[in-house]
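What follows is one structure encoded as structure tokens, with my remarks underneath.
Please treat every number below as a calculation from the coordinates, not as lab data. Keep in mind that this is a model prediction, so the values were computed, not measured. Note that each Cβ is placed from the backbone with ideal geometry, even for glycine, and that neighbours are counted across all protein chains shown.
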Amino acid sequence: MSDAPPLLEARGITKAYPGTVALDDVNFAVRAGEIHALMGENGAGKSTLIKILTGAVRRDFGAILIDGRPAEPDSTPRAQQAGIWAVHQEVMVLPNLSVAENVMLGCQPRRFGLVDRRKTRRLANQALAELGLSLDMDRELGSFPVAIRQLVAIARAVRANARVLVLDEPTASLDAPEVERLFDVVRALASRGTGIVFITHFLDQVYALSDRITVLRNGKAVGSSRTQELPQVDLIHMMIGKGLEQAIERERPANAKKGNVAASFVGLGKTGLVEPFDITLHAGEAVGAAGLLGSGRTETAMLMFGAERADTGSVEIDGKPRRLRSPRDAIRAGLAFSPEDRKADGIFGDLSIRDNIAIVLQSKRGWARKLSRRKQQRLADEYIARLNVKTPDADKPIGQLSGGNQQKALLARWLASDPKVLILDEPTRGIDVGAHADIVKAIEELRDSGLALYVISSELEELVAYSERVSVMRDRRQVALLERDELSVDRIVAAIAASSGDR
Amino acid sequence: MIKARSLPGWAPPVAAMLVVLLINTVLFPSFFQLRLVDGRLTGSLVDVLIRGAPVALLALGMAGVIATRGIDLSVGAVMAIAGAVAANALAGGASWTSAIVYALAAGLACGLWNGMLVGFLKLQPIVATLVLMVAGRGIAQLITGGQITTFDDAPFAALAGGTLLTIPAPILIVATIAVLLTLLVRSTALGLMVEAIGVNPRAAELVGINTRSIVVAVYALSGVTAALAGIIATADIKGADANNAGLWLEPDAILVVVLGGGSLLGGRLSYGLTIVGAITLQAIKTGILLAGFPPQMGLILMAVMVSILLVVQAPALQQWLQHRALRRAAS
């Protein structure tokens, strides 16, 4: 088997978007009959790679080979003709059409130029029977649960001679028996020679199903290995990385003085979002938060900032009890929160850098007390210099900056509001090395200047370097709070892995 | 490195207006001639401004709504309601000042209703304002009892027919409102906040902008300006026609905002450019009328003119032209 060329191979795939390199010289291959797990944190480049392989996005450089021959799947239909099919998270079926019509979509048999309904039903029934499924062919697909719709989407691909099937987070909304049924179908397909690409965040499912694992991180393929030969701890290491390329040598001053309690969150929680947790932040210290995607780390920050309304627990800022019912309340109380998804939740892309920096201070003052143009300009100039934002002037729309410079401008907007507590969600994700170092430096300076920080990051070495404590999240609860003297990357990884084993 | 300098945002709408005015002068050399008749300024240009006043007022309200990435389809119906309320009050013997107050209050109530649906219940703006677009005309008919309510009140009628220092009242009203609104949004932070909501509503919430109140406010303002338009229309015909007042003016108002450089994706607010858009649209209409085309041709010609103007301003076309210029400069 290993002598035959892979069904689908990607060589040196590179894809850049303004400000970020989504994929950097990535190699990836799927062999016949192989179930290949593609792993990586959010933004690692998984979805870009899949989109390139299935013809939704065009690559900048690199080659795609099908059966060892160069191929150009430059549109979804052409990729499908070549046998490459994807079943996405939001399953692509037409809920208002019947089961039979969905299975046969795009290749319905015709008779005298009209759709042959009887043959459609028969062929669809056959295709589903191959997957061990028997459904009422005439019922609207929308009336079936997601698990069934997914299997119908797979049946459609299989009937159209899919040779490589990409399953993007197929188990996200399935219960345990449904997952088992899906896995049976996937194993059966693989045993018939179909190549499977399996994307998921559930580590135990990867070990239950896959033959091989490839890990992407920050747009690079950091490793590919047979599943049996890759212990779970190593996999997590590969996914979340060893941190910065240049080792962070700076030692924390041992006599780092602990300031007063800047904020304390006691028993804060929201049903279905995050289980109640306690966090205390002192002035002049950074508390880190680690955990895999979906572990509840972002939700924790949203609760602390009032972007989600807590249904249990209490908050004290600077010794005063506060009720945070909205970000407005939180900002007035002296909190600041820079979200993970810069583009969707952070920047105002069409507005100038100046407006983007001034806006938090402005909304804190209220609409009636406008910051003068001169004051805005001064703020913008000051922070552009202080945080080393690379731009010709403050008039440029922030959307035209690179990711790292956008991140600096977002940091600037919060610092300009003079907060007591700064919450940062993945401040160094998806930015280049230089900007990365600038941000880490800024975090350390802010800490030493007396700000209380809560930093969520997947860069564990970084967290270890600047944090006083690290909160480890898993399954929407805080499972460990590691103190400074017991803090190390290995301890954090162990805490994440130990807990994800028993899910 | 060659740098393509992009045009400032105000340039395309202003250029479009100038082109339309220029075409009008070529066709009718007397277009820009102003004369004083009985202490009142007259001429084609004045006519354009007077006729365009109701739509300009609707568009001034619409501009704020569109800047938050919303839309207000109910403005025509609100015009009808406000007109009906005013005419009814006058016919019932109310003073002209209280008639104005009642009509504006009715418009404000309509706007607040829309604002609540969009800001608090998070309904899609099109759906939310469609309710009042349909129901509003019915409400107006209820107020007038299905009749055309007429009145005889000289001070009220002067809102459409009167002059102050030779300038017709509707022009003064529109100019005053445009200046006041510009001052309001630029001397406070409202302009920035409205644009921020339009560009990225989620981020606006997270930086602490009171998005709900501001959204309610822009719809409320749209209700008030629509009521003002209704007052002028009612004063003009000295009566309220609930069936026809403000009919089909919603698309005109939206078009005016777009001709003024607004984007339905939100994030751009300029009352000055909205006035530019209003003049452009009305100048096209007047030009077609003056040229003596049959009315059925008029709508088609207007559509053609508007399409040309929008295509020329389209970002895709401008990018393509820039791209070509770059390549030519490079070779």
* Asked: What are the semi-axes of the equivalent ellipsoid of segment A:161-224, taken as the square roots of 5 times the eigenvalues of the Cα gyration tensor, listed largest first and rounded to whole Å?
  -> 20, 16, 10
* Asked: With the dipole of the protein assembly as shown worked out from charges on the C-beta (+1 for Lys and Arg, -1 for Asp and Glu) around the Cα centre, which of A:400, A:135, B:71 lies farthest toward the positive end?
  -> B:71
* Asked: Rg to Rh for segment A:121-172: what is it, with Cα atoms only and Rh by Kirkwood?
  -> 0.95
* Kirkwood hydrodynamic radius of segment B:167-290 from all distinct Cα pairs, in Å? -> 16.2
* To do: For segment A:383-503, report the translational diffusion coefficient in µm²/s to the nearest whole number, using Stokes-Einstein at 25 °C, 0.890 mPa s, and a Kirkwood Rh over Cα pairs.
  => 155
* Asked: Counting Lys +1, Arg +1, Asp -1, Glu -1, what net charge surrounds residue B:173 among other residues with beta carbon under 15 Å of its beta carbon?
  -> 0
* To do: Quick one: which residues, 5 or more positions from residue A:286 or on another chain, have an amide H under 5 Å from its amide H? H modelled 1.01 Å from N in the peptide plane, none for Pro or chain starts.
  => A:453, A:468
* Evaluate the charge dipole of the protein assembly as shown about its Cα centre and quote only its size in Debye, nearest 20, assuming +1 on the Cβ of each Lys and Arg and -1 on the Cβ of each Asp and Glu. => 1600
* Asked: So which trypsin sites (Lys or Arg not before Pro) in segment A:337-393 pass both tests, a DSSP loop state and at most 11 other Cβ atoms within 10 Å of the Cβ?
  -> A:369
* Structure fact -> Here the tail fraction of P(r) beyond 21 Å, over all Cα-Cα pairs of segment A:10-80, rounds in percent to 22
* To do: Please identify the helices of chain A, taking whole runs of DSSP H, that span at least 15 Å along their own axis as judged from the Cα atoms and have a mean Kyte-Doolittle score of 1.0 or higher.
  => A:146-159, A:489-501
* About the Cα centre, charge dipole magnitude for segment B:42-281 (Lys/Arg +1, Asp/Glu -1 at Cβ), debye -> 560
* Of the trypsin sites (Lys or Arg not before Pro) in segment A:75-176, those whose Cβ has at most 16 other Cβ within 10 Å and which sit in DSSP loop -> A:139
* Divide by every residue of chain B the summed helix terms, -39500 (n - 2.57) for each DSSP H run of at least 4, and state the resulting mean residue ellipticity at 222 nm, rounded to the nearest 500 deg cm²/dmol. => -23500 deg cm²/dmol
* Quantify how strongly other chains surround peptide A:324-332 by giving the mean number of their Cβ atoms within 10 Å of each of its Cβ atoms. => 3
* To do: For segment A:81-212, just the Cα set please: Rg and Dmax, both in angstrom.
  => 14.7, 52
* To do: Take the Cα coordinates of segment B:42-281, assign each an equal point scatterer, and use the Debye formula without solvent to give log10 I(q)/I(0) at q = 0.07, 0.09, 0.13, 0.14 Å⁻¹.
  => -0.21, -0.34, -0.72, -0.82
* Structure fact -> The local net charge around residue A:79, scoring Lys/Arg +1 and Asp/Glu -1 for residues other than residue A:79 whose Cβ lies under 13 Å from its Cβ, equals +3
* Would you mind calculating the relative contact order of chain B from Cα pairs under 8 angstrom and at least 6 residues apart, reporting the percent as a whole number? => 32
* **Cα Rg over Rh - the protein assembly as shown, Kirkwood** => 1.03
* Using the Karplus equation 6.51 cos²θ - 1.76 cosθ + 1.60 (θ = phi - 60°), what ³J(HN,Hα) coupling, rounded to whole Hz, does each residue of segment B:266-280 give in order, writing x for Gly and Pro? -> x, x, 10, 9, 8, 6, x, 5, 4, 5, 4, x, 5, 5, 4
* Structure fact -> For A:25-33, B:252-260, ranked highest to lowest by mean beta-carbon neighbours within 10 Å, the order is B:252-260, A:25-33
* For chain B, modelled as a Gaussian network with Cα springs under 10 Å, which listed residue fluctuates most, B:291, B:160, B:82? -> B:291
